[in-house]
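Notes follow the structure.
The values are calculated or read from the model by the stated rules, or taken from the named source; none is laboratory data. In this text the structure is predicted, and so the values were computed from the model without any measurement. Positions of Cβ are backbone-derived with ideal geometry, glycine not excepted, and every protein chain shown enters the neighbour counts.
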Amino acid sequence: MGIATLKSTALTMVAPGKGILAADESTKTIQKRFDKIGLQSTPDTNLAYRKMLFTTPGIEQFLSGVILYDETIRQLIDGIPIPEFLESKGIIPGIKVDKGAWQMVNLPGEKITEGLDGLRDRLIEYKELGAKFAKWRAVITIGDGIPTDTCIEANAEALARYAALCQEQDLVPIVEPEVLMDGTHDLEKCREVTSKTLKAVFDKLKAHKVVLEGMILKPNMVISGKDSSTQTTSGEIAEATVQTFLEVVPKEVPGIAFLSGGQTPDQATENLAAINKVSPPAGGWQLSFSYGRALQDEALQAWAGKEENVEAAQKAFLERAKKVSEARSASSA
Ligand code: 13P
């Protein structure tokens with residue numbers, strides 16, 4: 001394992017002013033996104049959409065990396081493999097390697113992320129295809145009597161085994177335990193579950209001897225449920241989020257790159273700015289972003305599946321990326 005390589009890739013992924021675009025929607029998820037613009041997902045339409053995003057002039061000012069999907073990492077832009085195309089712009093290519101979250105047996109409403117079988121071989125291939133980092137997403141649902149300890153433990157164990165396998169191949173693992181925003185729970189409940197989940201994850205990462213300096217944490221913000229009767233301000237979200245991470249995230253972790261998790265682009269931007277304004281700035285980690293929907297929603301709407309809209313869509317994408325980058329650079333000063 002090349003610890004120096006892992007550390008330097010991780011630091012580049014959370015370089016000041018930049019963040020990671022999550023463009024790794026699975027075949028099922030990209031269809032859900034395309035439904036909003038009435039478009040059928042095919043390898044060709046998926047490529048047309050992602051090409052629009054990746055060829056946006058100037059986007060490299062705001063993006064350190066892009067997370068790709070298995071289909072995309074094998075596709076070409078103007079005859080150039082996509083990982084090589086991104087590298088030529090100074091953007092690091094990464095790859096989603098989990099095989100999705102599936103209903104757990106005997107635990108209604110809870111999911112376990114699959115994909116460990118054969119992972120070592122898949123990582124070797126992705127590395128050959130140009131990936132420098134990987135992503136694995138676990139989902140934790142808040143509801144009546146859930147999450148159970150069993151669900152949290154099983155997902156934490158899988159995340160740690162995935163992370164260890166990535167580092168064996170010099171790939172930086174993005175460790176993503178997402179506590180979902182779905183539900184009526186309040187901020188305090190989200191804080192409690194996020195804290196418990198992160199504690200379990202770091203216990204398992206340590207047990208599997210994952211090098212914390214060579215990973216990136218991709219968590220949810222501490223935020224009330226989408227259907228909660230008590231919605232909170234970005235200041236409250238920021239305080240609760242930073243406080244939680246100070247308690248449970250070891251200072252060796254170089255960066256925290258938040259997911260947007262169903263927040264609107266404006267909410268995800270505002271909350272990230274508030275988090276970065278909270279002083280003192282955490283345990284030394286960079287507080288960055290790895291957004292999917294919050295970076296893409298406006299561009300997708302503007303594009304609407306039409307070649308003639310590419311320029312307008314790229315403008316929307318660049319503008320949002322710039323705003324999120326500024327949010328990530330906000331300070332209390
Ligand atoms: P969202 O920002 O849309 O939540 O997506 C981030 C991601 O990569 C989920 O795994």
If I ask for residues that are among the charged types (D, E, K, R) and under 9 Å from Ile142 (Cβ atoms), which ones from segment 171-191 would you list?
Asp182, Lys189
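I'm checking my understanding of the structure. Among residues of segment 136-153 that are charged (D, E, K, R) and surrounded by fewer than 17 Cβ atoms within 10 Å (Cβ to Cβ), which one is nearest to Pro173 (Cα to Cα)?
Taking segment 136-153 as the starting set, the residues that turn out to be charged (D, E, K, R) are 137, 144, 149, 153.
After this cut, where a residue has to be surrounded by fewer than 17 Cβ atoms within 10 Å (Cβ to Cβ) as well, the list is 144, 149, 153.
Values: Asp144: 32, Asp149: 24, Glu153: 19 Å.
Result: Glu153.
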Which listed residue, of Asn271, Asn276, Asn220, is more than 15 Å from the ligand (Cβ to nearest atom) and buried (at least 19 other Cβ atoms within 10 Å of the Cβ):
Asn276
Matching residues, segment 128-172, being within 18 Å of Lys96 (Cα to Cα), small (Gly, Ala, Ser) and in a helix (DSSP H, G or I):
Ala156, Ala158, Ala160, Ala163, Ala164
Taking first residues from segment 215-244 that are free of Cβ contacts under 8 Å to residues at least 24 places away in the same chain and second residues anywhere that are among the small types (Gly, Ala, Ser) and part of a loop (DSSP other than H, G, I, E, B), the pairs with Cβ under 9 Å that are 6 or more apart or on different chains are Gln231/Ser224
Right, Trp303: closer than 21 Å to Gln31 by Cα, more than 11 Å from the ligand (Cβ to nearest atom) and of a type in the set (A, V, I, L, M, F, W, C) or not?
yes
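Collect the residues in segment 177-192 that are of a type outside the set (Lys, Arg) and more than 19 Å from the chain's Cα centre (by Cα), keeping them in residue-number order. Step through it out loud before you land on a result.
Going through segment 177-192, the residues of a type outside the set (Lys, Arg) turn out to be 177-188, 190, 192.
Residues satisfying the conditions are Gly183, Thr184, His185, Asp186, Leu187, Glu188, Glu192.
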State which residue is farthest from the ligand (Cβ to nearest atom) when the search covers only segment 176-201 and only residues that are touching a residue at least 60 places away in the same chain (Cβ under 8 Å) and closer than 18 Å to Asp227 by Cβ.
Asp182
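Given the structure, is Val172 farther than 16 Å from Val249 by Cα, within 16 Å of the ligand (Cβ to nearest atom) and either β-branched (Val, Ile, Thr) or modelled with pLDDT under 95 (or both)? Explain how you work it out, then say what you get.
On the way: farther than 16 Å from Val249 by Cα: yes; within 16 Å of the ligand (Cβ to nearest atom): yes; either β-branched (Val, Ile, Thr) or modelled with pLDDT under 95 (or both): yes.
Against the criterion (farther than 16 Å from Val249 by Cα, within 16 Å of the ligand (Cβ to nearest atom) and either β-branched (Val, Ile, Thr) or modelled with pLDDT under 95 (or both)), Val172 qualifies.
Provide a single number: the residues in segment 223-241 that are assigned to a loop (DSSP other than H, G, I, E, B) and either of a type in the set (A, V, I, L, M, F, W, C) or away from the ligand (no atom under 16 Å from the Cβ) (or both). Give the steps one after another, and end with the answer.
Residues of segment 223-241 assigned to a loop (DSSP other than H, G, I, E, B): 223-233.
Of the ones still in play, those that are also either of a type in the set (A, V, I, L, M, F, W, C) or away from the ligand (no atom under 16 Å from the Cβ) (or both) are 223-224, 227-233.
So the count comes out to 9.
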So Asn309, is it free of Cβ contacts under 8 Å to residues at least 40 places away in the same chain and either more than 13 Å from the ligand (Cβ to nearest atom) or hydroxyl-bearing (Ser, Thr, Tyr) (or both):
yes
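Pick out, from segment 1-98, the helices (runs of 4 or more DSSP H) lying fully within it that include 2 or more residues that are within 15 Å of the ligand (Cβ to nearest atom) and at pLDDT 95 or above.
Values: elements: 3-13, 27-35, 43-54, 70-73, 82-88.
Fully inside segment 1-98 and qualifying: 27-35, 43-54, 70-73.
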From Leu295, Leu287, grab the single residue that is under 17 Å from the mean Cα position of the chain (by Cα) and either of a type in the set (Gly, Ala, Ser) or assigned to a helix (DSSP H, G or I) (or both).
Leu295
Testing Gln263 on (1) away from the ligand (no atom under 12 Å from the Cβ); (2) buried (at least 22 other Cβ atoms within 10 Å of the Cβ); (3) part of a loop (DSSP other than H, G, I, E, B); (4) not small (Gly, Ala, Ser), one condition comes back false. Which one is that?
(1)
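Quick check on segment 5-14. Is at least one of its residues free of Cβ contacts under 8 Å to residues at least 60 places away in the same chain, crowded, with 18+ Cβ neighbours inside 10 Å and of a type outside the set (Val, Ile, Thr)?
We begin by selecting, within segment 5-14, every residue free of Cβ contacts under 8 Å to residues at least 60 places away in the same chain; these are 8.
Still in the running and crowded, with 18+ Cβ neighbours inside 10 Å: none.
No, that holds for no residue.
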